[in-house]
Amino acid sequence: MTDNSPSPARTRNRRGEGARLRDEIVAAAVELLDETGDESAISLRSVARRAGIAPPSIYRHFPDQPTIMLAVVQQAFAELEAKLRLALDDADDGPRARLFAVCEGYLDFAKQHPERYRTMFGGLWMPALEETSLTEADMAALGSECMALLREVLDGCLAAGLATSTDPAADTVALWLGLHGLAHQRAVTVAFPWPPDIAQRLITTLAHIRD
């Protein structure tokens, strides 16, 4: 005998539960990255196992592994931005102090979170765009707020007559590249006699700060 009674409808998530599950998935991926230092260790199955959920549950929020990685990197950039803004809030009012506070905050973040930092800029997790749901806009937006903050403090030095840059946009990129290079080399160089004031020298030069 055929049972023609309707199938029970799937229970909807209560308000906020979907967002909470997504956050738990991202947190599980971040934990795996911090522990292994290897983004290849982050798969749909490994993240589901760490989060204590069935793999199909992930697909409601992330269609593939690169979208999970994008969320991890987006969160890392949000954490970096928050650290830079906190450093800015705690700095003295002078434009030079604000510039150095943001730059030192950047270097501190890279030192405190080496695995996340490497993944943010390493690019090893980035697939060919035609093979994933990620877009060029997703990639282009990464780190834009942090770069804007660097530009803000550099502009402050220019407005105060403390810097001599003639191309603030290009010099902001140069300043970021210098900070990134120093952060990277500090992480990968086992032993090197870094001058104690190397960060100050680099920032002063690339931001064109007057003597």
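Brief remarks on what is shown
- In the chain, a dipole from Cβ-located charges (positive for Lys and Arg, negative for Asp and Glu) runs towards its positive end, and of HIS61, ALA76, THR135 it is HIS61 whose Cα lies farthest in that direction.
- Working from label points 7 Å from Cα in the Cα-to-Cβ sense, the GLU130 to GLU24 distance is 3.9 nm.
- Computed from the C-beta positions of ARG201 and ALA97, the FRET efficiency with R₀ = 22 Å rounds to 0.85.
- Full-extension gain in nm, GLN74 to ALA141, via 0.36 nm per residue minus C-alpha separation: 23.2 nm
- Using the Cβ-Cβ distance between ASP89 and ALA187 with R0 set to 45 Å, the FRET efficiency from 1/(1 + (r/R0)^6) comes to roughly 0.95.
- A dipole drawn for the chain from +1 and -1 charges on Cβ atoms has a positive end, and of GLN200, ALA87, GLN112 the residue lying farthest that way is GLN112.
- Spacing of the modelled spin labels on ASP38 and ALA159, each 7 Å from Cα toward Cβ, amounts to 4.9 nm.
- Net charge dipole size for segment 65-206 [Lys, Arg +1 and Asp, Glu -1 on Cβ; Debye, nearest 20]: 460 debye
Bear in mind that the values in this text are calculations on the coordinates, not laboratory data. Model, not experiment: these values are computed from the prediction. Backbone-built Cβ (ideal geometry, glycine too); neighbour counts: all protein chains shown.
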